[in-house]
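To start, the structure under review is shown below, and the notes come after it.
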Amino acid sequence: MTGKLLRLVTGVLFTSLALVGANLTSTASAAPAAPSALARTVYYSASGYSAEADQAAQIWNSRVPNLRLVRGGNATIRIAATNGGGSRAYPCGLGCATIYIDNRDVSAGNYALRIVAHEIGHGLGLPDTYNGICSYLMSGGSAGTSCRNVNPNAQEANRVNQLFAGGFQSLAGTPDVYVKG
Ligand SMILES: [Zn+2]
């Protein structure tokens, strides 16, 4: 209970920071441009699940023309491993999230690459769709541990592509938990 509340409070804090960031950057992105010029670079880091982070970045890059995830730089998507509390993302604006991958989710049989790709999806503006359908990356843990799909479906990829084409309107989300408990 207390942990949940703490996560909620933290999420609100992150969300507030995200709104500030969005305001600062919105004027710079107002001018329309040719599709190829719209590709926005988002830097990420991974202190844990490093190989999965690189693979997930490749997956997203290959499906979203307007996005270019690059490791390094001043990372706004930051991935770390943790023990307990659930795999989760704290979105802080479009292309921004603090992500924890829970080793316990992986031990329980959830596919690590799918979790990482899913949590990055939150950093790219997607909400959860806990519909139990494996072809949705954002169905997360609702699709069960047997689901090893690591690719966003066309609907999810198109949504992210639209978000990155349209500037900086973001999902101001509350903290996400991969496996709802
Ligand atoms: Zn999620």
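For this structure, a couple of remarks:
- Using only Cα coordinates, the Kirkwood hydrodynamic radius of segment 46-173 works out to 14.3 Å.
- Cut-off 13 Å between beta-carbons: net charge of the residues surrounding A112, Lys and Arg +1, Asp and Glu -1: -2
- Descending by average beta-carbon neighbour count within 10 Å, the peptides 76-85, 95-104 line up as 95-104, 76-85, the highest first.
- Given charges at beta-carbon only (K, R positive; D, E negative), |dipole| of segment 75-153 in Debye: 100 debye
- Backbone N within segment 85-107 under 20 Å of label point (7 Å from R148 Cα along the Cβ vector): 102-107
Read-outs: derived from the displayed coordinates by stated rules, not from any lab. What you see is a predicted model; the values in this text were computed from it and never measured. Backbone-built Cβ (ideal geometry, glycine too); neighbour counts: all protein chains shown.
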